[in-house]
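The values are calculated or read from the model by the stated rules, or taken from the named source; none is laboratory data. Everything numeric in this text was worked out from a predicted model, so none of it was measured. All Cβ positions, even for glycine, are placed from backbone atoms using ideal geometry, and neighbour counts span all protein chains on display.
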Amino acid sequence: MTVGGRFLSRLVTMLIAVVALVMVGAVPAVAESNSRTVQYVALGDSYAAGQGGGDYLNNCLESPNGYPYLLDAEKRIHLRTNVACTGASTQEVAETQLSALNRGTRLVTLTVGAADLNLSEVLAACSPVPTDDCQGAIINAIGLLPDLRDSLTELYALVAAEAPNALIVVTGYPYLFDVAPNCAQNASIMEQVNCATLLLNSTIQQAVAEQDSDVDIEYVDVTGAFSGHGIGSAVPFINPPQAGLPAAFHPNAAGYVAYAEAISEVVLQSA
């Protein structure tokens, strides 16, 4: 082989080695990038499904305008599935939704509890014009809170067992009306309905606090995000009863943006 041929051969060998080195070095970088994507699963009831947001995708009233899809649009969060369904109770979540979780799940959101208290019946009896059953419906709902606390405590533990590597973000519910909660029987119906929501949120928060210390779980209070945006306000985040079913008493698109922002703040703090 000539001197020129040997030089060319060595040059080709060096180029191949350099290309190989670059490719080898690039593989971990890609893997690292993929590993930063948070695999996300949404669980829960109508508020988690996105009811009220419109453009429904299925019989569960899952909406692309709901907070799970808004979170999916954020960098690094990938919504693997939203199995939330309208009307789901804590028992139904445990029995039908937990199969969506696995060890690869890194983020779980969960909104549930209202159906356990039959709050839809409360709203039907108490608005827009309260019936004779309104006061009794509110009292019955509040009486179910101790059982709900036990159910939620058990459910959160089950979620943690199915997704042991996930951050579990549990949300509360917004006040429907722009009045302070008041549990007195002589208070207005709007104040009493907000009181029921306050007690529901407190029960959810207590169940979160009762989880074992090794469970990565956070409670998100959304009442502040909805403050000033209740039914009847200038810029409501809640669909009024006049909107009809299925939108009534559920967040509208702006309300789900408020939900997503409140959840995202907690997720970023926990990252």
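Listing for the model above:
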{"item": "Members of the range 126-138 that are surrounded by fewer than 19 Cβ atoms within 10 Å (Cβ to Cβ) and either aliphatic (A, V, I, L, M) or closer than 13 Å to residue 248 by Cβ (or both)", "result": "128, 129"}
{"item": "Qualifying residue in the range 149-161 (condition: within 22 Å of residue 220 (Cβ to Cβ) and part of a loop (DSSP other than H, G, I, E, B))", "result": "no"}
{"item": "Meets criteria (more than 14 Å from the chain's Cα centre (by Cα), assigned by TED's automatic domain parsing to the domain that holds residue 194 and not small (Gly, Ala, Ser)) for residue 76", "result": "yes"}
{"item": "Any hit, the range 209-225, residues being on the phi > 0 side of the Ramachandran plot and in contact with a Phe, Trp or Tyr (Cβ under 8 Å, 6 or more places away or on another chain)", "result": "no"}
{"item": "So residue 87, is it surrounded by fewer than 19 Cβ atoms within 10 Å (Cβ to Cβ), at pLDDT 95 or above and over 26 Å from residue 153 (Cβ atoms)", "result": "no"}
{"item": "Which numbered condition residue 120 fails, given (1) at pLDDT 90 or above; (2) more than 29 Å from residue 269 (Cβ to Cβ)", "result": "(1)"}
{"item": "In the range 164-205, the residues that are among the small types (Gly, Ala, Ser) and surrounded by 18 or more Cβ atoms within 10 Å (Cβ to Cβ)", "result": "166, 172, 196"}
{"item": "Whichever residue in the range 123-168 is among the acidic types (Asp, Glu) and either touching a helix residue (DSSP H, G or I) at 6+ places or on another chain (Cβ under 7 Å) or closer than 14 Å to residue 189 by Cα (or both) and, among such residues, is modelled with the highest pLDDT", "result": "162"}
{"item": "Test: residue in the range 127-146 that is in contact (Cβ under 8 Å) with a residue 60 or more places away in the chain and closer than 21 Å to residue 91 by Cβ", "result": "no"}
{"item": "Criterion violated by residue 127 - all others in (1) over 23 Å from residue 219 (Cβ atoms); (2) small (Gly, Ala, Ser); (3) out of contact with any Pro (no Cβ under 6 Å at 6 or more places or on another chain) satisfied", "result": "(3)"}
{"item": "Scope the range 155-185; condition among the charged types (D, E, K, R) and closer than 27 Å to residue 123 by Cα; matching residues", "result": "178"}
